[in-house]
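Working notes for the structure below.
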Amino acid sequence: RRWPIVTTALGVLLAVVIGGGYIFYRVSQNQYYVAADNSGQVVIYRGISQKIAGFSWSSPYQVTGIELSQVPSNYQQTVKTAYSTGSLTQVRSTVTNIRAAVDDCRNAYAALENWAAAVTRYNIAVAQAHKAKQPIKNIPKPPAQPAGAGAMCPSSAAYGIPASDLTPAAAGSS
């Protein structure tokens with residue numbers, strides 16, 4: 001007599017669990033977050049960053065092409081902790097901000113590298129003019145030193161620019 005009631009209750013419970021799981025899955029797949037993958041790339045993930053019941057509820061959605069090593073320190077925590085979550089539009093806005101910060105650092109280091117090279121060329125030209133006892137007034141002066149990369153920027157090596165390329169060579173060296 002009791003088996004139909006027990007069977008019905010278990011069936012309803014099973015339907016509620018499966019239905020709730022399906023709804024949870026659908027809702028979780030409308031969330032996105034930014035994190036670094038195992039190779040050190042910044043990636044947009046679809047889903048939620050937590051593991052529930054031993055299952056990962058997210059998957060890579062879009063690789064951004066940004067190296068974690070190039071991300072300024074003020075954004076590092078955001079990427080490492082998968083803190084920035086929300087809609088795809090919100091997360092893409094975060095990635096745009098990170099990319100702009102990475103580009104600012106890269107451009108600052110490139111400007112310093114170009115300035116150091118110009119100063120080195122100027123110093124060499126001046127040294128050669130002195131050696132040849134020629135006037136130096138016709139040698140174009142190098143530009144003013146650009147502002148350095150901000151304190152939040154990683155080292156120049158992260159962008160493939162050796163630190164030695166950011167300072168002019170001594171006047172006697174070539």
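No value in this document is a laboratory result; all are computed from the given coordinates. Note that this is a predicted model, so its numbers are computed, not measured. Here the Cβ is made from the backbone with ideal geometry for all residues, glycine too, and neighbour counts use every protein chain on show.
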If the only charges are +1 at each Lys and Arg Cβ and -1 at each Asp and Glu Cβ, what is the size of the charge dipole of the chain around the Cα centre, to the nearest 20 debye? 200
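In the chain, what is the volume of the convex hull around the alpha carbon atoms, normalised per residue and reported in Å³?
It comes to 113 Å³ per residue, whole-number rounded.
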Just Ser39, Ser58, Ser28 to compare: in a GNM of the chain, with alpha carbon springs under 10 Å, which one fluctuates most? Ser39
Note down the nm distance, to one decimal, between modelled labels 7 Å out along Cα→Cβ at Ser87 and at Lys51. 3.2
Dipole size in debye (nearest 20) for segment 75-170 around its Cα centre, Lys and Arg Cβ +1, Asp and Glu Cβ -1? 340
Among Tyr45, Ile98, Leu13 the positive-end extreme of the charge dipole of segment 1-116 (Cβ point charges): Leu13
In degrees, nearest 10, range 0 to 90: what is the angle between the Cα axis of helix 3-28 and the longest Cα principal axis of the chain? 20
Compute the distance from the alpha-carbon center of segment 40-57 to that of segment 91-118, in whole Å. 29
Rg to Rh ratio, segment 1-52, alpha-carbon atoms and Kirkwood radius? 1.34
If you take the charge dipole of segment 18-119 about its Cα centre, with +1 on Lys and Arg Cβ and -1 on Asp and Glu Cβ, which of Ser58, Pro72, Ala117 is farthest toward its positive end? Ser58
How high is the FRET efficiency between Gln62 and Thr8 when r is their beta carbon distance and R₀ equals 45 Å, given to the nearest 0.05? 0.45
Report the Stokes-Einstein translational diffusion coefficient (µm² s⁻¹, integer) for segment 86-174, Rh taken as the Kirkwood radius over Cα pairs, at 10 °C with viscosity 1.306 mPa s. 104
Any aspartates and glutamates whose Cα falls less than 18 Å from that of Lys141, other than same-chain ones fewer than 8 residues away, would be Glu113
